[in-house]
Amino acid sequence: MLITVEPDERGIARAAAVLRSGGLVAFPTETVYGLGADALNADAVRRIFTAKGRPSTDPLIVHVASLDEVPALVRSMPDLVHALAARFWPGPLTLILPKSPVVPDEVTAGLDTVALRVPNHPVARRLLAAASLPVAAPSANLFSRPSPTRPEHVLEDLSDRIDMLIAGGPTTVGVESTVLDLATGVPTILRPGAVTLEMLREVVPTVRVRDTRTDAGEPLRSPGLLSRHYAPRAPLTLYEGSAARVLARILRDAHAAAAEGKRVGIVAADDDPIHGFSVVRVGPEGELDRVAATLYSALRQLDADRVDLILVRGFPTLSGLGMAIQDRLRRAAAGHIVVLPD
Ligand code: TXA
Ligand code: MG
């Protein structure tokens, strides 16, 4: 049975001891809750995959206390790492670098690269300092479910599968870190996040984005990009296009489903004129940081409401967090996307 501790000095000391003895601890980061284990202990890392039901082919992110910990874990450090760390660490940016042999293959799924990040959450930072270990941590959800942004979400998914949870309240960013590949030629964003393309361009003008829709024939560079990921239990349809058209179409489809006796869940913006179904509002259309922070909670809420289907309005994608929100919604939709012309 899982032990829940408070994010105070005593709780963090207990959690650090669990990590040091090879156990599994869920803890808050600024993005989502992570499920941590000693990254240098292959048995502990294997337990992460078992607890989550995650395929062992999907590599984990190693969390460290500061840039100083990185050289011991990598084979080489491009100069770019210093510039990126100075600007974005601690923070929601994960860097893919050539791995040192000290990092077990279990962590990296046999790849010769390792994903590294310095999280920016006071509890995560104190835990890393107290444990004095690199901590491998995927999001603390069952495989393919939405990532946990509240301690309750971790309990929902993993309560009888892990040793300890540090209950640190809701996370602030709400979507997982930006993953930036520095190990192969041109720096490439493999997963968009709160460190946006525009922000990265200021430090790395050549940075490009991997088109997440061309997954099919390519080798699995970032298996988190598998389709049907971050998904609620009910089938989800995403509607992209101008707000007016999207909302009209959602209403039409919702009424049609309701007429067949289905319970309809809808993810809407605060001001959307949609009523009469299970509507969860995730923030004003233009405040994407609020939308990102609430999104996974909204999807879990609709599952708890036992809806039969979920209809989601898309959000503006042109800048900032828009790309990350669209990416996660498309994966949750697993191909059920209705694109409406303007
Ligand atoms: O915000 C986050 O990144 C959260 C918190 C807990 O830090 N963690 C997280 O971990 O989202 P996870 O395991 O759910 O996602 C890790 C992503 C996956 O898409 C994985 O495929 C990718 O990082 N990844 C890890 N190592 C990699 C590598 N060596 N090369 C390419 N992609 C890698
Ligand atoms: Mg995950």
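For the reader, a short list of remarks on this structure follows.
- Rough spin-label spacing in nm, given labels placed 7 Å along Cα→Cβ, for Ser76 and Ser242: 5.2
- Length-normalised contact order of the chain in % [C-alpha pairs under 8 Å, at least 6 apart]: 19
- Length gained when the stretch Glu260-Asp112 is fully extended (0.36 nm per residue, less Cα-Cα span): 48.1 nm
- Accessible surface of the chain, 1.4 Å probe: 52 percent of it comes from carbon and sulfur atoms.
- Working ranking of peptides 252-261, 89-98 by packing, defined as the average number of other Cβ atoms within 10 Å per residue, highest first, is 89-98, 252-261.
- Taking only the C-alpha atoms of the range 110-167, the Rg (one decimal) and the largest Cα-Cα distance, Dmax (whole number), read 13.0, 35 Å.
- Based on protein heavy atoms only, the chain ends up with 41 Å² per residue of surface accessible to a 1.4 Å probe.
- Max mean-square fluctuation residue, GNM over the chain, Cα-Cα springs under 10 Å, options Asp58, Asp68, Asp43: Asp68
- Mean residue ellipticity, 222 nm, helices only, the chain: the sum of -39500 (n - 2.57) across DSSP H runs of n ≥ 4, divided by residue count and rounded to 500, is -9500 deg cm²/dmol.
- Dipole magnitude (debye, nearest 20) for the range 1-88, charges at Cβ of Lys, Arg, Asp, Glu: 320
- Debye, to nearest 20: dipole size of the chain, +1 on Lys, Arg Cβ, -1 on Asp, Glu Cβ: 420
- Average 1/r across all pairs of distinct alpha carbons in the range 114-204, invert it, and you get the Kirkwood radius: 15.2 Å.
- Rounded to the nearest 10 degrees, the inclination of helix 42-52 to the longest alpha-carbon principal axis of the chain is 10 degrees.
- Cα convex hull of the range 221-342, projected area averaged across orientations, nm²: 7.3
- Inter-label distance, nm, simple model (7 Å from Cα along the C-beta direction), Ile337/Thr57: 2.3
- Above 14 Å, the calculated P(r) of the range 1-83 contains 71 percent of its Cα-Cα pairs.
- For the range 52-104, dividing the convex hull volume of the Cα atoms by the residue count gives 99 Å³ per residue.
- Principal axis analysis of the Cα atoms in the chain yields extents of 59, 48, 33 Å, listed in decreasing size.
- Gap separating the Cα centres of the range 237-295 and the range 151-202, nearest whole Å: 25
The values are calculated or read from the model by the stated rules, or taken from the named source; none is laboratory data. Computed from a predicted model, the values in this text were never measured in an experiment. For neighbour counting, all protein chains shown are included, and Cβ atoms are generated from backbone atoms with ideal geometry for every residue, glycine included. Protein only, heavy atoms only, side chains kept; ligands, DNA and RNA dropped before computing areas. Shrake-Rupley method; radii C 1.70, N 1.55, O 1.52, S 1.80 Å.
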